[in-house]
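Written below as structure tokens is the structure these notes are about.
The values are calculated or read from the model by the stated rules, or taken from the named source; none is laboratory data. Since we're looking at a predicted model, the values are computed, not measured. Backbone-built Cβ (ideal geometry, glycine too); neighbour counts: all protein chains shown. Note: accessible area is taken over every heavy atom of the protein model, side chains too, but ligands, DNA and RNA are not part of it. Shrake-Rupley method; radii C 1.70, N 1.55, O 1.52, S 1.80 Å.
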Amino acid sequence: MGDDAYDAIAELGTAPLWRYFGNLFAAEPKSRAVPYRWSYPALRPHLLHFADVLSLEEAERRVLMLVNPGLSDPPATTTTLYAGIQVILPGETAQAHRHTSGAFRFIIEGSGAYTTVNGERVHMHPGDLLLTPGWHWHDHAHEGDGPMLWLDGLDFPLVNALEAGFFELYGERTQKAGVPDDISSRQFIHGRLTPAWDPQPSPNSPIGNYPWAETARAFDAIADDAVGSYSDGVLLEYTNPWTGGPVMPTIGCRVARLRPGFRGVPRRQTPSTVYHVVRGHGVTTVEGQRLEWGPKDVFAVPGWATYTHVNSVSDEDAILFSYTDAPALAALGLHREEVR
């Protein structure tokens, strides 16, 4: 029957496994994403330009997406994660909405803005991590001076691949405050002490804002008395106080201190990771490709790609915030890593 037989079975909605076996069951993962760095100093003038010529009513969210060269259609930063840099100006408000994708914002610069999440106003300061778990109403407002810029992180590439995404606009442009400002952070940010009067454990952290002041205090308390990770330095994870696990079921957030002159041991893992440079200068080599980074840059490390961090300065710490899809892979039994 020859090729006619293959044509016949194709018309019946079938395909021969033997022709695809090597592609379906590869020896190891190979991501379509590539190692890549986005320069904040290069992007910032363009963000300010669009802030000047494009209103939020026209754009809804004024964001430059950080599109991996290997993932341009649809745009994504890694195969499961998205990053973008957003700007809002004094006096502006951003339309309230919600979506099933989990999201956060890591504040880069500015003051006087806040996000309202399910009726709680959560104020922004540089270095703060603000959470917007899936299906939580959220909008933004800026009552300060000068532009406010932050890194947006979401899991919508994963959610969309699973065909599980929903989106809804709020009935008004912004929400009215329903609880005291920053109450979730004030209740839960005290380490091992958590409110016991109304426990409502959830896979999403109840904390609206992990303040940078608390992160800096943790690094200061550890000082040089801990060795840390040989690959990632003094690595801290933002955790859900109810569970002790990641802040969201699909996104884990971490922050690392690389001591002056730090040279990491090569590592690879199935989760993909997006990094934001809080401060410092260094080089991350990914599968032989050098990504030289400086303050406020963003770079992507695809899953199962060998990476090595180096703090290239001899007298200054480097601080790297990062987020990863590790919680999702761990829940599915797909987390794997190697340290060389």
Low-density loop positions, trypsin sites (Lys or Arg not before Pro), the range 33-130 - DSSP coil, at most 16 other Cβ in 10 Å: ARG61
By accessible area with a 1.4 Å probe, ligands and nucleic acids excluded, highest first: order of ILE9, ILE107: ILE9, ILE107
Residue among ALA330, ALA27, ALA300 with the largest mean-square fluctuation in a Gaussian network model of the chain, springs linking Cα atoms under 10 Å: ALA27
Solvent exposure ordering (accessible area, 1.4 Å, most first) of THR284, THR79, THR250: THR79, THR250, THR284
Area accessible to solvent at ARG186, 1.4 Å probe radius, in Å²: 130 Å²
Probe 1.4 Å - accessible area at ARG290, Å² to nearest ten: 140 Å²
Accessible area (Å², 1.4 Å probe, nearest 10) - HIS190: 110 Å²
Among GLU237, GLU168, GLU287: highest mean-square fluctuation, GNM of the chain, C-alpha pairs under 10 Å: GLU168
Helix-only [θ]222 nm of the chain, DSSP H runs n ≥ 4, -39500 (n - 2.57) each, per residue, nearest 500: -4500 deg cm²/dmol
Surface per residue (accessible, 1.4 Å probe) for the chain, Å²: 49 Å²
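By its C-alpha gyration tensor, with a ≥ b ≥ c as the square roots of the eigenvalues, how is the range 138-197 shaped: rounded for a/c under 1.5, else prolate for a/b larger than b/c, else oblate?
Oblate, since a/c reaches 1.5 and b/c is not below a/b.
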Cβ charges +1 (Lys, Arg) and -1 (Asp, Glu), total dipole of the chain, debye: 760 debye
Carbon + sulfur, % of accessible area of the range 227-309 - ligands and nucleic acids excluded, 1.4 Å: 52 percent
Where MET65, MET124 fall by accessible area, highest first, once all protein chains stay in place (1.4 Å): MET65, MET124
For the range 209-340: rounded, prolate or oblate by the Cα gyration tensor [a/c cutoff 1.5]: oblate
Most fluctuating residue given options ASN23, ASN160, ASN68, as computed from a GNM of the chain linking Cα atoms under 10 Å: ASN23
Karplus-derived HN-Hα couplings along the range 28-45 (A = 6.51, B = -1.76, C = 1.60, θ = phi - 60°), whole Hz, x at Gly and Pro: 7, x, 9, 6, 6, 5, 10, x, 7, 10, 10, 7, 5, x, 6, 7, 4, x
Computed E for SER202/ALA223 - FRET, C-beta separation, R0 30 angstrom, nearest 0.05: 0.35
